[in-house]
Amino acid sequence: MGIRNILTDKEPALHKVCKPVRSFDSRLHKLLDDMKDTLLEANGVGLAAPQVGILRRVVIVDTGEEMLELINPELVETDGEQVGPEGCLSVPGRYGLVKRPYYAKVRAQDRFGDWFEAEGEELIGRCFCHELDHLDGILYTQVMERFLTEEELAADE
Ligand code: NI
């Protein structure tokens, strides 16, 4: 188990453009394993490497069926639109109203460098877009319409 510390949005690392991964080595595998442990522990849907202070293009998404490892991911297709509440482990306790595509398809490399595609709708489509934004230093708070109010959050529970 390797739980890493999740940075909050005041940290400069969260606002930088991450570099591509070039070495698919044991150091990358350790990062991926630690990020999965950290995401499970934090009860989140997705986690990007800059959130644990590593400025590389690495994302984990928990689809509910599997923990997807996305290395050097690119958005290759989107469709539709959804507007809904969105949160981030780096912005604890707050939620915003964010417009995203309803469907998203990504192309990425696995931990051995092989390319594959993954797609998702609703929460997973939203999560792909949110996590890929992290790799370019963009937080949802920069693209949201507004924060949800306490009343709206209470009504959601
Ligand atoms: Ni996030």
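Any read-out appearing in this document is the output of simple, stated calculations on the displayed coordinates, not a laboratory observation. Treat the numbers as computed from the prediction; the structure is a model and nothing was measured. Glycine also receives a Cβ, built like all others from the backbone with ideal geometry; neighbour counts cover every protein chain displayed.
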If I take the Cα coordinates of the stretch 15-58 and project them onto the principal axes, what are the three extents in Å, biggest first? 29, 27, 14
Per residue of the stretch 128-143, what does 6.51 cos²θ - 1.76 cosθ + 1.60 with θ = phi - 60° give for ³J(HN,Hα)? Whole Hz please, x for Gly and Pro, Karplus curve as stated. 3, 5, 4, 5, 5, 4, 3, 5, 9, x, 9, 9, 4, 5, 8, 10
Placing +1 at every Lys and Arg Cβ and -1 at every Asp and Glu Cβ, with all other atoms neutral, what dipole size does the chain have around its Cα centre, in debye to the nearest 20? 940 debye
Cross-link partners among lysines for LYS10, C-alpha distance below 29 Å, same-chain residues fewer than 8 apart left out? LYS19, LYS30, LYS36, LYS99
Those aspartates and glutamates that a straight Cα-Cα span of less than 18 Å connects to LYS16, excepting residues fewer than 8 apart in one chain: GLU74, GLU131, ASP133, ASP136
Tilt, helix 26-42 to longest principal axis of the chain (alpha-carbon atoms), in degrees rounded to tens, equals 20 degrees
What do you get when you divide the Cα radius of gyration of the chain by 2.2 N^0.38 Å, with N the number of residues? 0.99
In terms of the charge dipole of the chain, which places +1 on Lys and Arg and -1 on Asp and Glu at the beta carbon, the residue among LEU40, ILE3, TYR103 farthest towards the positive end is ILE3
Would you mind listing how long the stretch 56-128 runs along its three principal axes, going by Cα atoms, in whole Å with the largest first? 36, 28, 23
ASP156-GLU66 FRET efficiency (beta carbon distance; Förster radius 35 Å; 0.05 resolution): 0.80
Simple spin-label estimate for TYR102/ILE138, 7 Å along Cα→Cβ, in nm, reads 2.2 nm
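If you wrap the stretch 6-81's Cα atoms in a convex hull and average its projection over all directions, what's the area in nm²?
Directional mean of the projected Cα hull area for the stretch 6-81 stands at 6.2 nm².
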